[in-house]
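**Student:** Below is a structure I'd like to ask you about.
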Amino acid sequence: NNNADNPSCAGIEGVLESYLQSLRTVQLYGPTNFAPVINQVAGTAAQVTDGSQYHVLLIITDGVISDMLQTKEAIVAASALPMSIIIVGVGPAEFEGELGLGDTREGG
């Protein structure tokens, strides 16, 4: 949401508002590093020990992941936390099988 001190969005309305603001202000370019943001959200999710909150990290990207090893490690480390990670690839880049998941090609 462009606020480093409080990067959360409240509900789907907050997500949509943040997305629309980002469309006007963010210039997409590489490298595309996911691990830092995954680790940041994981740190926030790890602070919730009473089951009262669940975090959803939505990453919309137009490029191939530059820090693939670190991203995989961050996802595995976050897997036991109250959070989900959704990565959506947009544009002409080749995303199929990027994380080794969801490759639906025959033999893939």
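Each reported figure results from applying straightforward, stated rules to the coordinates on display, with no laboratory input. Not measured: the values here are computed from a predicted model. Quick reminder, even Gly has a Cβ in these numbers, built from the backbone with ideal geometry, and neighbours come from all protein chains shown.
**Student:** Tell me, what ³J(HN,Hα) does each residue in the range 56-69 have, in order and in whole Hz, if you take phi through Karplus 6.51 cos²θ - 1.76 cosθ + 1.60 with θ = phi - 60° and put x for Gly and Pro?
**Tutor:** Residue by residue, the range 56-69 yields 10, 9, 9, 10, 10, 10, 10, x, 6, 5, 7, 10, 4, 4 Hz.
**Student:** Show me the chymotrypsin sites (Phe, Trp or Tyr not before Pro) within the range 1-45 that DSSP assigns to loop and that have at most 15 other Cβ atoms within 10 Å of their Cβ.
**Tutor:** Tyr29
**Student:** Using only the Cα atoms of the range 1-61, build the gyration tensor, take square roots of its eigenvalues as a ≥ b ≥ c, and label the shape rounded, prolate or oblate: rounded if a/c is under 1.5, else prolate if a/b is larger than b/c, else oblate.
**Tutor:** oblate
**Student:** Let me ask another. Would you kindly state the longest site-free stretch of the chain, with sites defined as GluC sites (Glu not before Pro) in a DSSP loop (not H, G, I, E, B) surrounded by at most 16 other Cβ atoms within 10 Å?
**Tutor:** Looking at the chain, 1-93 is the longest stretch - no exposed GluC sites (Glu not before Pro) with at most 16 other Cβ atoms within 10 Å.
**Student:** With each label point set 7 Å from Cα along the Cα-Cβ vector, what nm distance links Val15 and Glu73?
**Tutor:** Spacing of the two 7 Å Cα→Cβ label points: 2.9 nm.
**Student:** I'd like the Kirkwood hydrodynamic radius of the chain, using the inverse of the mean 1/r over distinct C-alpha pairs, in Å.
**Tutor:** Value: 15.2 Å, from the Cα pair sum.
**Student:** Okay, next question. If N is the number of residues in the range 31-89, what value comes out of its Cα radius of gyration divided by 2.2 N^0.38 Å?
**Tutor:** 1.12
**Student:** If each of Ala93 and Ser8 carries a label point 7 Å out from its Cα toward its Cβ, how far apart are those two points in nm?
**Tutor:** Each label point is offset 7 Å from its Cα along the Cβ direction, giving 2.9 nm.
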